Structures are given as C-alpha cells and as structure tokens.
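Please treat every number below as a calculation from the coordinates, not as lab data. These figures come from a predicted structure and were not determined experimentally. Note that each Cβ is placed from the backbone with ideal geometry, even for glycine, and that neighbours are counted across all protein chains shown.
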Amino acid sequence: MIDNPDLTGLLYLAAIICFVLALRFLSSPKHARRGNWLGGVGMIIAIATALLQEGIKNWVLIVIGAAIGTAVGVVGARKVKMTAMPQMVALFNGVGGGAAALIALAEFDELGGETTWDEGLSIALSALIGAISFAGSMIAFAKLQELIRGRPIVFPGQNYVNIAVLAAASAIGIAIVAGLEEQWAIVAVIVLALMFGVMFVLPIGGADMPVVISLLNAFTGIAVSATGFVLNSTVLIVSGMLVGASGTLLTLLMAKAMNRSVTNVIFGAFGQVQAGVGQARADDGRTVRATSADDVAVQLSFARKVIVVPGYGMAVAQAQHDVRQLADLLEEKGVDVRYAIHPVAGRMPGHMNVLLAEANVPYTQLSEMDEINPEFPQTDVALVIGANDVTNPAARTDTSSPIYGMPILDVDKAASIIVMKRSMNPGFAGIDNELYLDPKTTMLFGDAKESVLKLISAVKAT
Amino acid sequence: MTELSFVIELTILVLAAFLGFEVISKVPTMLHTPLMSGTNFIHGIVIVGAIIILGGADDTYLKIVGFVAMVLATANVVGGWFVTDRMLEMFKPRPEPGDKEPKK
C-alpha cells in the first residue's frame, strides 16, 4: 500500500516522463518501437500506483473488468488488418472517450451534485467531450468498416439541428458549473453529447476521414485531461493534453493537405459540390489512351527511374505486396524505384506508410510529397496505382475545381505517366482527373492486384 | 494525492500542451499512423481514473458505471499498445540479406 501522497505523485511523474519519451522516440522509425515499450512501462507504473492506493476495494470487479478489457484489446489488436487500422484507431479512441464520460458521471454522483464551479466545469467538459468522442468514433468506425454507408448522409437543416443539440448540451453544462445539483443534468449532457457525436460524423464522407479521426483523437485527449481535473490527477491532465496536442496538430496537417478548413470538413459534407464543376472537357479532342501490361512492362524495365504513386485503391485491392515484388524485380534490373506518399493517401494520417511497411517496403524508399516533387521532372515513369485526386493537376490550375489549391504530387511532370485504374469512375472528390487526358499518360485498366500480377510476369519475360 | 488549486492545474495543462506540440511536431509524416495509435494508448491513462472510481465505489450504481469504465479503459490501454507495437515492428530500413523472403 502506498499511503504517502508524495510517493504517489513521484510515481505518476515517472509515468509522465515515460510517455513524453515514448513520443520523443517516435521521431525516427529506428527507435520508435523502443519508445512504445517505454510508454508501456509508464502505463504499468501508473496502473500499479493507482491500484496500490489505500482504500481501493472491489478487487473482484477490477480484475474481471481488466480481464474483459484485455481480452477485447488483445484480440482486436492482433486480428486487425493494416487496411483496417483507421477503424481500429477510431474504436480505441471511442472507448477512451467513453471511459472519460463515465468517470464524470460517477464523480458527479459521488459528490451528490454539490460542486464548486471548477469541479462542475471539469465534470461537464469531461462528460461532454468524452461522450462526443465516444459516439463520433463509433460512427466513424461503422463507416470505415462499411457497416453503414460511407458516403455523406445529409438532411436539410442538419447543421442547425446539430448546433441546437450542442447548444442544449452546453447550456446544461453551464448550469452545472453554476451550481445545478440534479443528477439528471449530467445524464442529459451525456445523452445530448452522444446525439451530437453521431450527427456530426454521419454527414462526413469517406475521403474526409483522416481529418475526422485526428479530430476525435484530439477530443479524447482533451476529455481525459478534463477527467484529470475532476480527479485532481496530474498524470491524467498531462497525458491527456499530450494526446490533445497531437490530435490537434494532425487535424490541422490533414486539413491543410486537403486545402480545406476544419469547419468546412465538419459542416461542408463533401461530394455535394461536384457534378458539373471541374468536368474534364472530354470533347476538346483529347482522349484517354489505354495500354497493355506488356507495353508497360517494357517501359518500366528500360526506365532509369520509376516513382510509384500508391493510393487507397491499391490498399483496397490488397496489391501492396505485389507492388513490392514488382519494385524488387525492377530494382534487380537496375531501375531506381521510389514511392511518393501524399499526406492524405489512405484513410488516416500516414496510413499508406504502414500499408507499405507491412509489405516489407523499406521505409528508406518512401518519400514525402515535398521531398519527391522536385524529382518528378527527372523521372522516366510515374506509376500511379489506385490514386486519383492527389495527382489531379486541376488542383493547381482550375479555380472552379473543388480541390483547387490542394497540394498534389507533380506526377504530370514525369516523362511518362501510367495510371492503373479499375475504371474511368471519378475519385472520392467526385471530379474528373485532367491527368488522364495528358498526352504523356496511358491508362492500364483493371483490378490493381491483377494488373500488377500481369506486370510482374511481363517484366520477368523482358 | 495533494489537491492542487485549479489555477496550478491549468498551468500544468497549458505547459503540457506546449510540450505536446513541440514533441509531436518532430514526428515524421511516415509515422503518423503509429503516432495516432500510440497517443491512443497514452490516453488509456484514463484507466487510472477508472480504478479510482471503481476502487472506491460503494453503491451498485457507481459499481456498474465504474466497471464499464474499467472495461473500456483497459481495452483502450491494451489494444492501443499492441496495435502500435505491431505496426512499429513492420517499419524496417533496407532488409538485411539474411531475412529477405525467398524469391520465386
């Protein structure tokens, strides 16, 4: 038993140090894994310290609860496919937020509703943000898992309804801060926040998920930090805020990479804009040229430098392993192969890097957008696999295009461009891609995986 | 633990925010997914709160709420950690000649 408050505080401080170092170690893939282990050590210290406090009872419940949680966590973490990582992150995000809201609920009950203003504020915020994060994450999970429609779900006046619900939740929260002692108040905050969480994620389309997941990540962090205020726990305040800062930073980065403001993502329901705007003018004499795997294989084999531009379409087709094999073959022939990764490739920040790492692509071959863009003019072949909007030159030139201003990969500056695509369907933003009409571009239609497999055998034959 | 005043706690919060921005801005884009699941794991620290609530609960209502919080928080901690570890394990520089898969 630890009955010395200073010792308790010091142990929690040790945990905080471990967490900060864990994040610090993430600055390079070389020691990132060690950092995660260090974070694990910090967590064990914190949990042990909490358990060893005087007066802890209900051991049976604690052990059963921990056992169920562990079983769920381990099975989930082991089973998840790397393509499904965004929904897994959303899920773990949600449960954290849910726990924060429940702690606020319990603490308000324990205090009998009698709170000072700062206690009331922390409890209300912890309940509000935690519940929004829980509900929002569950909807994000359901969308990514395709349990519900990934496309925006909208109805007229939606934004007004959302704002009204949020305002109602906030009003009751303010009443709690002002001294309202009724237990229904905190329940009402949570219920309204859950409603808001559901409604604010429902209208957001699949392509905007990187922003939403980052935002929910920040929410949970802030909710946990608020819980820290409720329980007077510095370790919760600091750790929660570290996550809050991380999520906020990622949200801004993702929004910037899509050239959209966060408010626009939340209230703008993408996919509404399209139709008509930025239509590639197919009648101006330029047409799309299709090609065959054999031709592409020859082009690739005799290239000096090839840049692969993978998109989510590659992940959906589960083609990353075959792409790696193709790249290995080309490298054996002396071709310099690189991968160009757009910040929003995939369904969450950095998702494409994880998918390629899973396929054993060495991370030294992966290049970020700013790093690789100057190299396209010296590139013989840009091989675009299942990527669309992030290569669309309209983002640079066409002011009427919904993606105008979005930073893109300068694929069109390569000597020749090969686009592997299932069909001529437009991308997530619902707009046509000028790149396909470029005279330097040829299209290889078909399922990404099958096409890559054909390419592999064709390259072997050359 | 000794109770801190609201203002001191707020000070700690603000400093933690600055520290967070500083540390996170050094994380390369390549590692943003592991960063996200790693921070996911870190907010699992809410488990300490769940232990405080459940470990101090007397009536049934609090026990139920605390128990559910405990389950959620544990899933958060354990799942977040394992998933991050699994991902980071995959990030390798040039494969060493020894562990390269056999070529067909």
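Rounded to the nearest 500, what is the 222 nm mean residue ellipticity of chain A from helices alone, with -39500 (n - 2.57) per DSSP H run of 4+ residues and division by all residues? Can you show the working numbers first?
Working: 17 runs with 266 residues, N = 462.
Rounded to the nearest 500, the figure is -19000 deg cm²/dmol.
As a footprinting exposure proxy, order A:396, A:304 by other Cβ within 10 Å, with the fewest listed first.
Fewest-to-most Cβ neighbours within 10 Å comes out as A:304, A:396.
Expressed as a rounded percentage, what relative contact order does chain A have, with Cα pairs under 8 Å and six or more residues apart? It would help to have the intermediate numbers written out before the result.
On the way: 818 pairs, mean separation 63.1, N = 462.
Once divided by the residue count of chain A, the mean separation gives 14 percent.
Report, please, the projected area of the protein assembly as shown averaged over directions, based on the convex hull of its C-alpha atoms, in nm². Don't skip to the answer; put the middle values down first.
On the way: hull surface 104.0 nm².
Average of the hull's projected areas for the protein assembly as shown equals 26.0 nm².
Tell me, A:119, A:371, A:434, A:146 in order of fewest to most beta-carbon neighbours within 10 Å? Working shown, then result.
On the way: A:119 19, A:371 13, A:434 22, A:146 10.
In increasing order of surrounding Cβ atoms, one gets A:146, A:371, A:119, A:434.
Arrange the following residues from fewest to most other Cβ atoms within 10 Å of their Cβ: A:358, A:110.
Working: A:358 21, A:110 16.
Ranked by crowding around the Cβ, least crowded first: A:110, A:358.
Rounded if a/c is under 1.5, else prolate if a/b is larger than b/c, else oblate: which is region A:144-255, with a ≥ b ≥ c the root eigenvalues of its Cα gyration tensor? Please list the in-between numbers first.
On the way: a/c = 2.50, a/b = 1.20, b/c = 2.08.
Cα axes put region A:144-255 in the oblate bin.
Using a ≥ b ≥ c from the Cα gyration tensor of region A:50-138 (square roots of the eigenvalues), is it rounded, prolate or oblate, where a/c under 1.5 gives rounded and otherwise the larger of a/b and b/c decides, a/b for prolate?
On the way: a/c = 3.58, a/b = 1.40, b/c = 2.57.
In terms of gyration-tensor shape, oblate.
Run the dipole for chain A about the Cα centre, Lys and Arg Cβ at +1, Asp and Glu Cβ at -1, nothing else charged, and hand back the magnitude in debye, nearest 20.
On the way: 30 positive and 37 negative charges, 253 e Å.
It comes to approximately 1220 debye.
Summing -39500 (n - 2.57) over the DSSP H runs of n ≥ 4 in chain B and dividing by its residue number, what mean residue ellipticity at 222 nm do you reach, to the nearest 500 deg cm²/dmol? Present the calculation step by step, with values, prior to reporting the outcome.
Values: 4 runs with 71 residues, N = 104.
It comes out at -23000 deg cm²/dmol, rounded to the nearest 500.
How much net charge surrounds residue B:87 when only other residues with a Cβ under 13 Å from its Cβ are counted (Lys, Arg +1; Asp, Glu -1)? Don't jump to the answer; show the numbers that get you there.
Values: positive: A:33, A:78, A:81, B:86, B:92; negative: A:358, B:85, B:89.
Surrounding charge for residue B:87 is +2.
Note the angle between two axes, namely the Cα long axis of helix A:183-201 and the longest principal axis of the Cα atoms of chain A, as a number of degrees from 0 to 90, rounded to the nearest 10.
0 degrees
Round to a whole angstrom and tell me the spacing of the C-alpha centers of region A:140-209 and region A:225-254.
Cα centres, region A:140-209 to region A:225-254: 21 Å.
Sort region A:293-461 into rounded, prolate or oblate with this rule: let a ≥ b ≥ c be the square roots of the eigenvalues of the Cα gyration tensor; rounded if a/c is under 1.5, and if a/c is not under 1.5, prolate when a/b is larger than b/c, oblate otherwise.
On the way: a/c = 1.45, a/b = 1.35, b/c = 1.08.
The shape class here is rounded.
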